[in-house]
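Comments concern the structure below.
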Amino acid sequence: MPPDDLQKQLLALEMNEAMEICRKAGIDVEVRYTRPPGGNPSGRNRVVRFILLTPGKGELTVSREVEGEEV
């Protein structure tokens, strides 16, 4: 799967689901966490960015969703 297609597929997914998709695609991922300034959301971890660093290695950036605020 081309990197752009994979990125589109992973955005907004729950972290565990995105990690499983990457594993099946043969991509080992590192996870980075982020959060809004001054906020401490307590919802599920969702993917906000995916970068393919090298073939077979990627980086997921995840942030907790704010419960009750649907997109």
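Mind checking which residues of the stretch 20-71 are basic (Lys, Arg) and under 18 Å from Gln9 (Cβ atoms)?
Quick first cut of the stretch 20-71, residues basic (Lys, Arg) only: 23-24, 32, 35, 44, 46, 49, 57, 64.
Answer for the stretch 20-71, where residues must be basic (Lys, Arg) and under 18 Å from Gln9 (Cβ atoms): Arg23, Lys24, Arg44, Arg46, Arg49, Lys57.
Given the structure, is Val47 surrounded by 11 or more Cβ atoms within 10 Å (Cβ to Cβ), in contact with a helix residue (DSSP H, G or I) (Cβ under 6 Å, 6 or more places away or on another chain) and either at pLDDT 95 or above or outside any strand (DSSP E or B) (or both)?
Here the answer is yes, as Val47 does meet what is asked.
Within the stretch 50-65, track down each residue that is modelled with pLDDT under 95 and among the acidic types (Asp, Glu).
Correct list: Glu65 only.
The values are calculated or read from the model by the stated rules, or taken from the named source; none is laboratory data. These numbers come from a predicted model, not from an experiment. Glycine also receives a Cβ, built like all others from the backbone with ideal geometry; neighbour counts cover every protein chain displayed.
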